[in-house]
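The structure appears right after this line, and notes come after that.
The values are calculated or read from the model by the stated rules, or taken from the named source; none is laboratory data. If you're wondering where the values come from, they're calculated on a predicted model, not measured in any experiment. Backbone-built Cβ (ideal geometry, glycine too); neighbour counts: all protein chains shown. Side chains are part of the model used for accessible areas, which takes the heavy atoms of the whole protein and leaves out ligands, DNA and RNA. Shrake-Rupley method; radii C 1.70, N 1.55, O 1.52, S 1.80 Å.
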Amino acid sequence: ALREVPIGEFCLFGGTPSALPACELQRLMDFYLTEFRVDGGTTLRAEGSPDTLDEAKLGDLRRLGFDILTYGIQSFDDSMLALANRRHTGRDARDAIRHARAQGFTRVDGDLVWGLPGQDVGKFLGDVRAMVDLEFSTIVIIKLHLRSFREVTSAIGHDTRAAWEDEGARLRIAEAGHAWPSLGEQFQMREQATSLLAAAGYGEHPATYFPHHTAGPERWRSLNLDQDQQRPQVGIGLGG
């Protein structure tokens, strides 16, 4: 159930400067509650990475009524996480879902990326198995995009190029000894991961999203799939 917490109460929570982000979350929720038709059927979801959704932030979110999380895990391999300039480790990623479950979040989804430099089929399947073992509600497997979203019509991108999109940057990564997986290896990553997930009870719904059959697709996915069943959701991105 949604809970409105007076800003003064939230700003004083804990009595430390670290409580300030909670005030900002409350301000965002006040905006949604005022400007949109939010009711008991509206779900609340937060998305971030293991380092941005720490235990304190999870507690703030639960007090505001959030019960769905999506983690940008990307990989459990520390060397690939460092190369991708991520600030969390594989251990942080494993601890993240445990902390979320302990705080009462009912649904915890997670994203993995295939096609990373230094990644092979075995490493990617190892990441998928780790997600299965940790019992994520949905496992999302996404290909690393090497072309700017500005060059395609399937997504909205940023004005500045990502490092992966620069051919010179990709060459320097390869010269440093981090081999880019071939198209054949990437195909095997996708196909073998799909089979592994199916055997573990995860079905694709739709492309790239694999919810476990006990959880089902997240309700907001109806926006893409079931136009006659629109479901409202507040989603807040908290870093990545």
Self-check item: Heavy-atom accessible area per residue - segment 47-190, 1.4 Å, Å²
Solution: 50
Exercise. Give the peptides 117-125, 70-78, 27-35 in descending order of average Cβ contacts within 10 Å, highest first.
Key: 70-78, 117-125, 27-35
Exercise. Quantify, in whole percent, the carbon and sulfur part of the accessible surface of segment 73-215 (1.4 Å probe; protein heavy atoms only).
Key: 52
Quiz item: Using the Karplus equation 6.51 cos²θ - 1.76 cosθ + 1.60 (θ = phi - 60°), what ³J(HN,Hα) coupling, rounded to whole Hz, does each residue of segment 39-56 give in order, writing x for Gly and Pro?
Solution: 9, x, x, 8, 8, 10, 10, 10, 10, x, 10, x, 7, 8, 9, 7, 4, 5
Exercise. Provide the gained length on full extension for the span Leu33 to Asp78, in nm with one decimal, where the gain is 0.36 nm per separating residue minus the Cα-Cα distance.
Key: 12.2 nm
